[in-house]
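FYI, it's all coordinate maths here, none of it is from the lab. These numbers were taken from a predicted model, which means no experiment stands behind them. Because the Cβ atoms are built from the backbone with ideal geometry, glycine has one as well, and the counts that use them run over all protein chains shown.
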Amino acid sequence: MIRCRRLLAAFVLLAAALPAQAGDAASQKLSDGFDGSGFAETGGLYYRNNAEQKAGTATFQSAVKKVGTGALELSVRPLCRPDSEGCSERAEIWEKTELRVPYDRGVWFGFAVKLADPIPQDDHRYLIAQWKREIGPDAEGDFSPFLALRLDNGRLFATIESNYQPGTPAEVKDGVPTCPAGQTAVWLRPEANQMRTLIAHDARWRSQDDTNGFDSCTDKVTLTSHGNPLPTPDSGWIDFAIYSHPGPDGTGHIELFANGRWIVTAKGFVGHKDHGLGENQYFKFGPYRAAGEGVWTLYYDDFRRSPDCIDVLRDAEACALVQ
């Protein structure tokens, strides 16, 4: 009996020392303030060195920071030809593969970002953070991020992507596409089996700012606005707290906070369910654009991830309101 107890105790200690497996990754609490000369072990992050990231650089520096003693500077430079298709310029930070959260689980993410001058003002594809589903070798098609923070014409906005479902044309009022109560502006792309829903934007947003055109309406994603626009890109540090729970069958749930203000709740069809897609969601942040001009730089600080709202939003009263 004593020998069995010793063996059991040794097994428990060994299990505690092993890295978390994918099945319990959702319970992991991660954080990195980027205060050292490399990524912290507690953050589970890394800079992915591949061909798509040749245009990017990642620098741990202390001149620009929000908290602590340092922050991460991520930049991309022009590398793609202006007329090239499918070429991208990236400097993205990824979660380690073994720490990815299952696609059917919800988890909170937080990070602060500051856009360096000059802030791009052109009509172009710029992303500062994105959430995606793993794509296996047998998957066919284009799978945009199911949640993304984007920049266009110098305006900040957020979108949700899901499989295509028919919508209805928006009614144009004073030149602005308008959806009836209970429906949401959407860009329908049946040829790609996708639809992109506009869920939030800053106060400077105009309907003509995004040339993709959110000119249709859908009832497959329901938005609850909490009366606050996204901060403008030139407002300094923006601290995001976001709940990510994809649900391509209609059970998706997204919460978006910025600088402690509740921006929007989105529920409904979130993400893709095509053949060949993986079991996990994953998060990456950093500048991503198609072929662009000039150097584009962003600063990131105070990354955190947790299954518990309080660890990310850090506001017990606000967390109690989220359902």
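Over the range 149-264, what is the relative contact order in whole percent, taking alpha-carbon pairs under 8 Å and six or more residues apart?
This gives 26 percent for the range 149-264.
Using a 10 Å cut-off on Cβ atoms, rank the peptides 50-57, 111-118, 90-97 from the highest mean neighbour count down.
The densest-packed peptide leads the list: 90-97, 111-118, 50-57.
What nm distance separates the two modelled labels at ARG206 and ALA192, each placed 7 Å from Cα along Cα→Cβ?
So the label points at ARG206 and ALA192 sit 2.5 nm apart.
Through the Karplus equation 6.51 cos²θ - 1.76 cosθ + 1.60, θ set to phi - 60°, convert the phi angles of the range 192-201 into ³J(HN,Hα) values in whole Hz; use x for Gly and Pro.
Rounded to whole hertz, the list is 9, 6, 9, 9, 10, 9, 7, 10, 6, 7.
For the range 87-98, take each phi angle, set θ = phi - 60°, evaluate the Karplus expression 6.51 cos²θ - 1.76 cosθ + 1.60, and give the result in whole Hz per residue in order, putting x for glycine and proline.
Once rounded to whole Hz, the list reads 8, 9, 10, 9, 9, 9, 9, 10, 6, 4, 4, 5.
Taking the beta-carbon count within 10 Å as an exposure proxy, list VAL322, VAL76, VAL264 from fewest neighbours to most.
Ordered by Cβ neighbours within 10 Å, fewest first: VAL322, VAL264, VAL76.
At what distance in angstrom do the alpha carbon centres of the range 107-181 and the range 71-93 lie from each other?
Taking the Cα centre of the range 71-93 as reference, the centre of the range 107-181 is 18 Å away.
Which cross-chain or sequence-distant (5 or more) residues have an amide H under 5 Å from the amide H of ALA40, H modelled 1.01 Å from N in plane?
Answer set, sorted by chain and number: PHE34.
Given Cβ point charges of +1 (Lys, Arg) and -1 (Asp, Glu) and nothing else, what value in debye, to the nearest 20, does the dipole of the chain about its Cα centre take?
Value, rounded to 20: 940 debye.
Long-range amide H contacts for ARG204: which residues qualify at under 5 Å (H placed 1.01 Å from N, peptide plane, sequence gap of 5 or more or a different chain)?
none
Order these by the 10 Å Cβ neighbour count, fewest first: TYR299, TYR164, TYR282.
In increasing order of surrounding Cβ atoms, one gets TYR164, TYR282, TYR299.
Using 1/(1 + (r/R0)^6) with R0 = 45 angstrom and r between the beta carbons of LYS273 and VAL172, what's the FRET efficiency to the nearest 0.05?
Result of the calculation: an efficiency of 0.85.
Report the extension gain between ALA181 and GLU134 in nm, rounded to one decimal, defined as 0.36 nm multiplied by the number of residues separating them, less their alpha carbon distance.
Net length gain for the segment: 13.5 nm.
Please label the shape of the range 29-321 as rounded, prolate or oblate, based on the square roots a ≥ b ≥ c of the eigenvalues of the alpha-carbon gyration tensor (a/c under 1.5 means rounded; beyond that, a/b larger than b/c means prolate, else oblate).
rounded
Fewest first, what order do LEU79, LEU127 take by the number of other Cβ atoms within 10 Å?
Lowest to highest Cβ neighbour count: LEU79, LEU127.
State to the nearest 20 debye the size of the charge dipole of the range 77-145 about its Cα centre, where the only charges are +1 on K and R beta carbons and -1 on D and E beta carbons.
Dipole magnitude for the range 77-145 comes out near 360 debye.
If you take all C-alpha pairs in the range 90-237, what percent of them are over 21 Å apart?
Value for the range 90-237: 50 percent of Cα pairs lie more than 21 Å apart.
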